[in-house]
Amino acid sequence: MEESAYIKRLKERLRQRPDSKLFLSFAEELRRRDMIDEAIVALMEGIKKNPEFITAHLALGRWYLSSDMLPEAKKEFLEAAEKSPDNIFARKGLAEIYKRMEEEESAVEEYKKVLEINPHDKDAAAYLAARGYSFEKPEAQEVESGEAGVVLESHEEPEVKRGEDAIDRLNLFLVAVKGRFAFSRKDAVTDRLSRMLKEINIRFAKLTPAAPSYKD
């Protein structure tokens, strides 16, 4: 398949800055064009140069998981979890892998960690409940947003869930947008997105409900 002008520009940019995190945008673009093998190689090479880039580990883990490459996916999610123990996406990825590998005890432990991060996660709660675990959700607590003065409640599951998904997706989106505008003299778009992401992180970082207690 003939390379697009955007892919060529990204290649040139990465040639000039081999340690740049633009490799994630480059790999995502390759994958969108069904250049799967090239995308995985690009992501793996980028991770070697940026081993602390958790979002890249998660992306590669999801790609492996979607192809049922469980040992490879497990390695990437473990890397992400080691670097960020409270990363819910790494924990849920590991739980899914252990489920597919029929390692129930390991899956249970990961889902317990998921509920410690987000006591209202439906997938984790359903899996544990089906295996005889009962737990009590923490009581609702009012939390005030320091930015807008909005009162939130920790039992508002849809908002908590959407907040976590939004932060992860915006991180990926921001990397892609920065890649798109890397060749422009003006960075107003990326500046606005950076401020938006900061505001979202500030708001949802304040939602820290207590972990649930379990009964076998």
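What is the one condition in (1) out of contact with any Asp or Glu (no Cβ under 8 Å at 6 or more places or on another chain); (2) loosely packed, with under 13 Cβ neighbours inside 10 Å; (3) modelled with pLDDT under 95 that Glu147 does not satisfy?
Every listed condition holds for Glu147 apart from (1).
Just wondering, is there one or more residues in segment 7-26 that are of a type in the set (Phe, Trp, Tyr) and touching a residue at least 60 places away in the same chain (Cβ under 8 Å)?
Within segment 7-26, one or more residues are of a type in the set (Phe, Trp, Tyr) and touching a residue at least 60 places away in the same chain (Cβ under 8 Å).
Can you pull out the residues in segment 86-104 that are in contact (Cβ under 8 Å) with a residue 24 or more places away in the chain and of a type outside the set (Gly, Ala, Ser)?
Matches in segment 86-104: Asp86, Asn87, Ile88, Phe89, Arg91, Lys92, Glu96, Ile97, Lys99, Arg100, Met101, Glu104.
Can you find a residue that is touching a His at 6+ places or on another chain (Cβ under 6 Å), part of a helix (DSSP H, G or I), of a type outside the set (A, V, I, L, M, F, W, C) and buried (at least 17 other Cβ atoms within 10 Å of the Cβ) anywhere in segment 94-101?
no
In the list Glu82, Glu109, Glu72, Glu76, which residue meets the criterion of being at pLDDT 95 or above, in a helix (DSSP H, G or I) and crowded, with 19+ Cβ neighbours inside 10 Å?
Glu76
The values are calculated or read from the model by the stated rules, or taken from the named source; none is laboratory data. These numbers were taken from a predicted model, which means no experiment stands behind them. So basically every Cβ, Gly included, is an ideal-geometry build from the backbone, and we count neighbours across all protein chains shown.
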